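Accompanying notes for the structure given below.
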Amino acid sequence: MPDEGIRLQKVLAAAGLGSRRACEILISAGRVEVDGVLVTQLGARVDPQTAVIRVDGARIEVRDDFVYLALNKPRGVLSAMSDSRGRQTVGDLVADRERLFHVGRLDADSEGLLLLTNDGDLAHRLMHPSFEIVKVYLATVEGVVSREVGRRLRAGVDLEDGRARADRFRVVDSTPERSLVEIALHEGRKHIVRRMLAEVGHPVQRLVRTSIGPVRLGGQRAGEIRSLTRSEVGELRDLVDKAV
């Protein structure tokens with residue numbers, strides 16, 4: 001544990017774990033780890049820029065120089081920070097904030113969860129297919145979806161740019177004209193969900209992304225932005241760290 005730095009209870013309090021006194025109790029109770037080492041001494045100091053801190057095993061995000069946002073992207077908005085043709089973009093929705101990256105994309109006709117951050121390293125890792133971050137979508141499709149469709153999607157379907165496989169698939173609701181299905185996959189190829197469902201005979205009428213890893217859209221309205229919780233950021237970091 002470094003001699004320089006900030007007292008651990010102060011860092012925990014700034015991260016929203018409670019008052020400094022409450023955080024001292026967490027430390028004394030043996031519930032806090034720093035860089036894999038259990039800390040019970042109240043005089044411990046840490047560097048919040050580099051330390052990996054866990055409370056009860058859950059990673060806690062303690063840096064305060066990064067911004068992590070969840071946006072419910074409305075239909076018709078481009079997944080871009082600007083557009084030379086003047087079309088509405090995600091950048092227009094966060095124009096009053098510092099420079100951000102959008103993590104991955106949703107096509108203009110799709111809606112739902114999109115992450116934005118100024119943490120370039122985490123953004124890169126979340127977008128890279130080798131880290132296999134699972135994303136979940138709700139799709140309204142044409143027709144009644146049979147069980148065979150789910151089996152085909154889970155086994156994998158051949159597209160023009162290679163085979164694509166769903167991690168999970170289920171029918172949520174169905175009428176004779178259309179069905180609501182949930183599909184989860186870690187692929188990030190362009191229009192991948194639309195292409196997979198079209199390949200099995202059920203073109204998409206509406207597509208909403210509902211989660212990215214541990215982050216869920218929940219009850220956010222279209223266009224609404226919220227900050228990720230520190231535990232959500234910690235879980236995202238754990239996901240990409242485990243994949244290294």
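Coordinate-derived values only; no laboratory data. Computed from a predicted model, the values in this text were never measured in an experiment. A quick note on method: Cβ atoms are made from the backbone with ideal geometry, for glycine too, and the neighbour counts reach across all protein chains shown.
Out of all the residues in the range 100-130, which are in a loop (DSSP other than H, G, I, E, B) and of a type in the set (Val, Ile, Thr)?
Here is the first cut: in the range 100-130, the ones in a loop (DSSP other than H, G, I, E, B) are 100, 104-110, 118-119, 128.
Answer for the range 100-130, where residues must be in a loop (DSSP other than H, G, I, E, B) and of a type in the set (Val, Ile, Thr): there is none.
When the range 160-174 is examined, which residues are found to be surrounded by fewer than 16 Cβ atoms within 10 Å (Cβ to Cβ) and either free of Cβ contacts under 8 Å to residues at least 24 places away in the same chain or not hydroxyl-bearing (Ser, Thr, Tyr) (or both)?
Selection gives Glu160, Asp161, Gly162, Arg163, Arg165, Asp167, Arg168, Arg170, Val172, Asp173.
Among the residues of the range 131-141, which ones are assigned to a loop (DSSP other than H, G, I, E, B) and buried (at least 19 other Cβ atoms within 10 Å of the Cβ)? Give the steps one after another, and end with the answer.
Of the range 131-141, the ones assigned to a loop (DSSP other than H, G, I, E, B) are 132-134.
The answer is Ile133, and nothing else.
Taking the range 225-241 as the search range and keeping residues that are among the β-branched types (Val, Ile, Thr) and surrounded by fewer than 17 Cβ atoms within 10 Å (Cβ to Cβ), which one is nearest to the chain's Cα centre (by Cα)?
Initial filter on the range 225-241 (among the β-branched types (Val, Ile, Thr)): 225, 229, 233, 240.
After this cut, where a residue has to be surrounded by fewer than 17 Cβ atoms within 10 Å (Cβ to Cβ) as well, the list is 225, 229.
Details: Ile225: 14, Thr229: 11 Å.
Looking at residues that are among the β-branched types (Val, Ile, Thr) and surrounded by fewer than 17 Cβ atoms within 10 Å (Cβ to Cβ), I get Thr229.
Between a first residue in the range 218-238 that is more than 22 Å from Arg125 (Cβ to Cβ) and touching a residue at least 12 places away in the same chain (Cβ under 8 Å) and a second residue that is surrounded by fewer than 18 Cβ atoms within 10 Å (Cβ to Cβ) and not aromatic (Phe, Trp, Tyr), which pairs have beta carbons less than 7 Å apart while being 6 or more apart in sequence or on different chains?
That search, which allows pairs on different chains as well, returns Gln220/Arg226; Ala222/Pro74; Gly223/Pro74.
Taking only pairs six or more apart or across chains, which ones have beta-carbon atoms under 6 Å, a first residue in the range 119-139 that is touching a residue at least 40 places away in the same chain (Cβ under 8 Å), and a second residue that is among the β-branched types (Val, Ile, Thr) and assigned to a loop (DSSP other than H, G, I, E, B)?
These pairs meet every condition: Leu126/Ile133.
With the condition being surrounded by fewer than 14 Cβ atoms within 10 Å (Cβ to Cβ), I'd like the helices (runs of 4 or more DSSP H) fully within the range 1-99 carrying at least 1 qualifying residues.
The qualifying helices (runs of 4 or more DSSP H) are 20-28.
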